[in-house]
Amino acid sequence: MPIEEDARERLLLTARERARALGSGPPEPGDLFVLRATADLPVEWAVLDRRAEGGELLAVPADVSPFAGSADVEVPAMAPGGPLCLRCRFGAWLDAGLFEPGLRSGALAPETVAEARRQVQQVEAGTLEPSSLAEETDADSEYRDWIREAPERARALALAVRPAVAREPGSGRWEGYRLAAMFAVLAIGLGIWVTALRRDLAAPIVVPLSREVDLGEKTRGVPVLLEVPPGASHIELVLVVDAAVPAQEGRFEINAGGRSVWRSDLMRLAPRDELRVILRRALLPDGEYHIRILPAAGGPALVESSLGIRTAK
Amino acid sequence: MSILDFPWGRKRQTVLETSRVFTDHVRLLTQGRLLDAGGLEPFWGALRAALRAELRRRGLWESPPAYLGIYGWESWEAGAGQGALEELLCECYSYIFVLRLRCLQAQLKVKPNIDGLVFLNIRHFLHERQKEHDPVGSQVFEVLRSAVRAAIAEGTLHVLEGDEGIRNDTLLSFSPAARSPVAKREEIAALVTSWNDELLPDLVTLRGQRQEEVVLRLRERLPDLQGRGLTAFSFKDLIDPLKADVRRRWAAVLDQSQGEVAPQRGEEERRSRVRFVQPDPRIEERQLFRRLVECVLNALRRLDTNEKTREYLVTLWQFVRLQAAEGDEPAPPGSRFEALLREIGDEERPSLRWLAEQLRIPRERLPGLYEVLGTLLKRCRAANSGQAAVKALSKSSIQDLGAGSDAH
């Protein structure tokens, strides 16, 4: 079927029509938001309800993956906010302070909100009656992967965050938040930046860390101290290659007392490349560690940074 | 120890330094502007390259474009500049930058670069289209992948190389020490296709909670490979012949009743006969089709009959549903309900003898089962369109049906 010459132009014009400014204002049921706490994930949050007291909002993660399982509410393409899938199994009561007016991203129809609320209630009550097609999706391996990697992670991240008491506009991307249990963004060592994400993968963190790390704090050359909640089963590290490291074949290594406790596969490393590593807590007991980039050709480490791990009290 | 390589993770970082072409496009759209002449070709070139790469990764590059609902072309490379790939490219653009633009704009509020999300959306786009237009192939892939993953989790199969999520390029072995796949594709293909003697029709008709049953049965077959000395192979070595054989057997059922078989092509043989029943790309039509499929499945779940009859009905309905969704040419609007009706109706029913053999349903039961499905379908259609039901399903007719040869 031949493509008309102006087909692309028409598409471009249609897209421009859809690109419209979004309003701002305090979060209300029906609003869609992106949260800084889950900025690494391709999710939005749909606000479903507000507690009468306490300033908390019931919200569920939402994404554009085409899978809709038994606990999800599908928003059709032609409905407000659509196409979108609301992951109602991962609803959470979140502090309203997490929902910055400037990060409002859309709105849902009231009937969609009502349906999602019902779905959350049924999930909580264990009375969900899945349709046959939804059960087919539940059994789909790609759907299971997606749920584990996006909404489940998003919920854990959002629950672990506490909003800032006050926020000064224009003072940086991460301002407005003190992340009690989530991110410690620190510059360490000679060239590896480590973003440490502390959480238990099996369940949301319910015990906050005793020590908070202010984002933006940079301690080049000083060991990064990672405080891990008691009982956490895993530690997630995001290893980012510093811009000063030339592109080459190499691998990451975590070393303790001269003994390698973990090594990545050989890979092509380029400045600002990022590797996420989730390690069992048992592999990284409290102690001092060195994180290195080793060249594929052998020889000494290209860069090395220190990392201290200890159990939060 | 585990390393998670998220679908959008590392690629996003690679893109971060090398490209912002998609991000820039969304930013421009947000400002109400369009790409200038100098930016157009790099943009379309980048989107085309990304789409082509994903088609290859999914093993779709060598398959007919009809598997993704692009009709009238034999290959992706035909009709240079105005062919199947360009048609898919336009649809892909619409899927991402028109329908999902709001979501991309939302992510731009917290991300400096969203090119990785565009790659992720390309995957979603192809996955959705594949499920829609190639339901048989998609289901076979899903079951085999689940079986392979189960074997890996048990420690009997190992990933030597490639995507650990299990894709065509994943190299597998029964021994972690193996280094390269055995080049015995024909032998692997012969063995794998023989599994279908026992696995069909459940391989494509068992869905939902019952899918696990056929996954387990296929999982138990995998050690046959080791028994034949086939210790290392790629996932593609398994999936291609398995899919091709299912399609061949599926097509044979229809060809018995309708004929008109065109020459087959490539390793993934496929029936090329032009069918009367085709999918309709319109969103509303697709949604109605899904509602009808779901309505009938739910009605079957509640039907007052014995379990054996219910099992036959579900199997036959899954077959009808797949047949109505598959096709080699686009359909006229409103055709999906008609497609289902024709599949059930006398005029396009496959040969009952062949159908009974393939679906393992007693032949004498088939006319009655078809009648029940036809009645349920019409009731569901009426329920979803506000029309009156054509015919009520009486309990006595179901009981009569259930009195058949369940012992078979």
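The values are calculated or read from the model by the stated rules, or taken from the named source; none is laboratory data. Worth saying up front: this structure is predicted, and the values here are computed from it rather than measured. We place every Cβ from the backbone using ideal geometry, glycine too, and count neighbours over all the protein chains shown. Accessible surface is based on the protein model in full, side chains and every heavy atom, while ligands, DNA and RNA are left aside. Shrake-Rupley method; radii C 1.70, N 1.55, O 1.52, S 1.80 Å.
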Built amide H within the under 5 Å cut-off of A:S306, gap 5+:
A:G189, A:V224, A:I291
Please work out how much length the chain gains when fully extended from A:R310 to A:E53, using 0.36 nm per residue of separation minus the C-alpha to C-alpha distance, in nm with one decimal.
88.8 nm
Summarise the partner chain shielding of A:123-133 as one whole number: the mean count of Cβ atoms from other chains within 10 Å of each residue's Cβ.
3
At 1.4 Å probe size, what's the solvent-accessible area of B:K236? Round to the nearest 10 Å².
60
Determine, for each peptide in B:35-42, A:135-142, the mean count of other beta carbons within 10 angstrom over its residues, then list the peptides with the highest first.
A:135-142, B:35-42
Work out the mean other chain Cβ neighbour count within 10 Å for the residues of B:91-102 and drop it here as an integer.
6
Segment B:67-157: percent of C-alpha pairs farther apart than 24 Å?
43
When the chain is fully extended, how far beyond the present Cα-Cα distance does B:N298 get from B:R210, taking 0.36 nm per residue of separation?
30.2 nm
At R0 = 30 Å, how high is the FRET efficiency between B:D197 and B:E128 if r is their beta carbon distance? Nearest 0.05 is fine.
0.40
Could you check how much of the accessible area of segment B:121-205 is carbon and sulfur, as a whole percent, using a 1.4 Å probe?
50
Using a 1.4 angstrom probe with every protein chain in place, what is the largest-first accessible-area order of B:Y71, B:Y370?
B:Y71, B:Y370
Please compare each pair in B:K243/B:K308; B:K308/B:K378; A:K313/B:K111 to a cut-off of 26 Å on the Cα-Cα distance and tell me which ones are over it.
B:K243/B:K308; A:K313/B:K111
Counting other chain Cβ atoms within 10 Å of each Cβ in B:46-53 and taking the mean gives 0
Suppose we look only past 19 Å in the calculated P(r) of segment B:28-85. What percent of the Cα-Cα pairs does that tail hold?
41
Length gained, B:R360-B:Q31, 0.36 nm per residue minus C-alpha separation, equals 112.4 nm
Rank A:V123, A:V43 by accessible area, highest first, at a 1.4 Å probe radius?
A:V123, A:V43
Find out how many positive minus negative residues lie around A:S105, taking Lys and Arg as positive, Asp and Glu as negative, among other residues whose Cβ is under 10 Å from that of A:S105.
+1
Once B and A are treated as a pair rather than alone, how much accessible area drops out, both sides summed, in Å² to 100, probe 1.4 Å?
6300
Rank these by accessible area, largest first, 1.4 Å probe: B:H25, B:H158.
B:H158, B:H25
In Å, the Kirkwood hydrodynamic radius of segment B:94-215 over pairs of distinct alpha carbons?
17.4
Once you keep just the Cα pairs under 8 angstrom separated by 6 or more residues, what percentage relative contact order results for segment B:102-236?
28
Stokes-Einstein D for segment B:183-252, Kirkwood Rh over Cα pairs, 37 °C, 0.692 mPa s (µm²/s)
261
Each label sits 7 Å from Cα toward the beta-carbon; between B:D163 and B:E371 the label points are separated, in nm, by 4.8
Between A:M78 and B:S175, what is the FRET efficiency for a Förster distance of 60 Å, r being their Cβ-Cβ separation, to the nearest 0.05?
0.70
